[in-house]
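These notes are about the structure you will find just below.
Every read-out reported here was derived from the displayed coordinates using simple, explicitly stated rules and does not represent laboratory data. Values in this document were obtained by computation on a predicted structure and should not be read as measured data. Please note: Cβ atoms are built from the backbone with ideal geometry, for glycine as well, and neighbour counts cover all protein chains shown.
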Amino acid sequence: MNLLLVGSESAFKGDAAKSFLERTHLNVIARASTLSEAVACLELGSIDLFLLSSEFREEKLSLFTRDARCRGFAGLILRSADPPEAALDALPHESHIIRAGDFELDTSSRQFWVRGVETTCTPKEFELMRFLCLHPERPLSHKTLLTAIWGISDASPHILRVLVRAVRAKIETTGPPRYIVTQHQFGYRFIPSPGLLH
């Protein structure tokens, strides 16, 4: 995965930043000093992940995330203050192919297959399925999913419900949802192979 560092050079010289970069084996393709430079780098089209320095204020980071998403960026946006384990958990660990039960995603070409059949999806639908496939069987809160897909945890859960409904229409073949199951007043759980469960 291609990584863009965003922040001053000194911000990424600490032990935590070095440890994160060593453990993830990411390809650092550039560094932007400012958030506006980072947004301009989206035109490169080859960025999978932004790692933002903790030197930026929260409101600036939220604006950056919103701007990047509006420009179609569907990759990961992490902050250097995030726990390294959480960052590692969010990354695919092997190739660009993610397999989970009846689903297969290619993060480099952004192709998506359901039960062996290629399915078209919007960037947000792809990002939701990518995140779900990386976290099968785990209850995921509305806040976790909103942060992963839109970069803002306080967004309205309604936009998440609309997105889940659109994805369900493409992947579900029966009445009640079997793949993306609602966890009442909490969020959702992804069951990649419902036929195998009892």
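A single entry from T122, T144, T182 fulfils the requirement of being farther than 30 Å from N27 by Cβ and of a type in the set (S, T, N, Q): T182.
Table: residues versus (1) surrounded by 13 or more Cβ atoms within 10 Å (Cβ to Cβ); (2) farther than 30 Å from E59 by Cα.
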{"position": "E104", "(1), (2)": "yes, yes"}
{"position": "T120", "(1), (2)": "no, yes"}
{"position": "H135", "(1), (2)": "yes, no"}
{"position": "T144", "(1), (2)": "yes, no"}
{"position": "I171", "(1), (2)": "yes, yes"}
{"position": "P176", "(1), (2)": "no, yes"}
{"position": "F190", "(1), (2)": "yes, yes"}
